[in-house]
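A short write-up of the structure that comes next.
The values are calculated or read from the model by the stated rules, or taken from the named source; none is laboratory data. Keep in mind it's a predicted model, so treat the numbers as computed, not measured. All Cβ positions, glycine included, derive from the backbone under ideal geometry; neighbour counts span all protein chains shown. Note: areas computed on protein heavy atoms with side chains; ligands, DNA, RNA excluded. Shrake-Rupley method; radii C 1.70, N 1.55, O 1.52, S 1.80 Å.
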Amino acid sequence: MQVIIINQKVSEKFRVGYRDTFYKNQANIVSIINYFSEMARLAGKYYEQEKDILKEESIAWVILNWEIDVKRYPKYGEHIHVQTIAHAIDRFIAFREFLIYDENNKLITSAKSKWILFNVEKRRPTSARSYMYDLYGVTSTEAPFEINNPQAFDVDNSDFSKAFEIRKFDVDYYHHVNNAIYPLWIYESLPLNFTDTHIVKHIKLYYKKETTYGEHVIVHTRKTAENSYSHEIKNRKVKLYY
């Protein structure tokens, strides 16, 4: 696997695997976010060649927002080109763009994202270091785009809800739930007759707090328009017995 670096752009080619397609023979919003997360991880590994911020300072960039637009989902066996671009850092917030191109170099998915610099030991945000601008090839401190948070609603007025148990498989390197699991819960919470006949074309995600193994979550859903839903995911701790 060869990662291509051009200025602040990090690119990689992927083959859409069987595990990425569920039962529709094409990728889905969960696998798309997994590709983006993989690219963020690859970019981090590239930067670690210069400075390992997690090891040296116990800090890490954590996803705060996604806004994703899908023109087309790639199919099983298709080769895609995924790219991430660092745009700006404003205090403790960083802005990244993600793009997916097909084999004909046609853009099929784009995403905007915001990341927060987090002190892993103190469990709180921390300001970006001056060296990070050169490290990531970023010169701007101005936000290159806006990401509005999804509209909140009173969960007591939900149209329907569904509970999920957090599995060990759901937890990532930082010991909290992988950010791609949240849209999986959302997808699984929707009625089967809806997901059988519809695909996600646009999604906004806002991560307010982490969840960990040993908790249960409830996905509350409210229909906001034809073919459009809002979701709130609430967590509650449970006692584990071994």
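Brief remarks follow.
- One decimal place: the segment ALA60-ARG19 gains 11.9 nm when fully extended, by the rule 0.36 nm per residue minus the C-alpha distance.
- Per-residue ellipticity at 222 nm computed for the chain from its helices equals -5000 deg cm²/dmol, with DSSP H segments shorter than 4 residues left out and the rest contributing -39,500 (n - 2.57).
- Scattering curve values for region 33-83, log₁₀ I(q)/I(0), Debye with Cα scatterers, q = 0.22, 0.27, 0.31 Å⁻¹: -0.94, -1.17, -1.32
- Binned Cα-Cα distance frequencies in the chain - 5 Å width, integer %: 1, 6, 13, 17, 18, 17, 14, 9, 4, 1, 0
- By the Cα gyration tensor, region 39-178 has an equivalent ellipsoid whose semi-axes, rounded to whole angstrom, run 26, 23, 17 from largest to smallest.
- Calculated on the alpha-carbon coordinates, the convex hull of region 113-166 measures out at 183 cubic angstrom per residue.
- Summed side-chain charge close to THR141 - residues other than THR141 whose Cβ falls under 10 Å, Lys, Arg +1, Asp, Glu -1: -1
- Simple label model, 7 Å out from Cα along Cβ direction - ALA143 to LYS45, nm: 3.2
- For the chain, the residue among GLY44, TYR173, ASN149 whose Cα projects farthest onto the positive side of the dipole built from Cβ charges is TYR173.
- Note on the chain: GNM, Cα springs under 10 Å; of PHE36, PHE98, PHE14, the largest mean-square fluctuation is that of PHE14.
- For the residue pairs LYS13/LYS112; LYS168/LYS201; LYS162/LYS204; LYS45/LYS209; LYS9/LYS209; LYS162/LYS209, alpha carbon separations beyond 23 Å are given by LYS168/LYS201; LYS45/LYS209; LYS9/LYS209.
- The portion of the accessible surface of the chain made up by carbon and sulfur, rounded to a whole percent, is 48 (1.4 Å probe; DNA, RNA and ligands excluded).
- Mean-position separation - Cα centroids, region 172-211 and region 130-159, in angstrom: 18
- Calculated from the alpha-carbon coordinates, region 122-242 shows an Rg and a Dmax of 17.7, 52 Å respectively.
- Rounded to the nearest 10 square angstrom, HIS231 shows an accessible area of 50 square angstrom against a 1.4 Å probe.
- Residue-normalised accessible area of the chain, given per residue in Å² at a 1.4 Å probe: 58
- The fraction of Cα-Cα pairs per 5 angstrom bin, counted from 0 for region 1-121, comes to 2, 11, 21, 23, 19, 12, 8, 4, 1 percent, rounded to whole percents.
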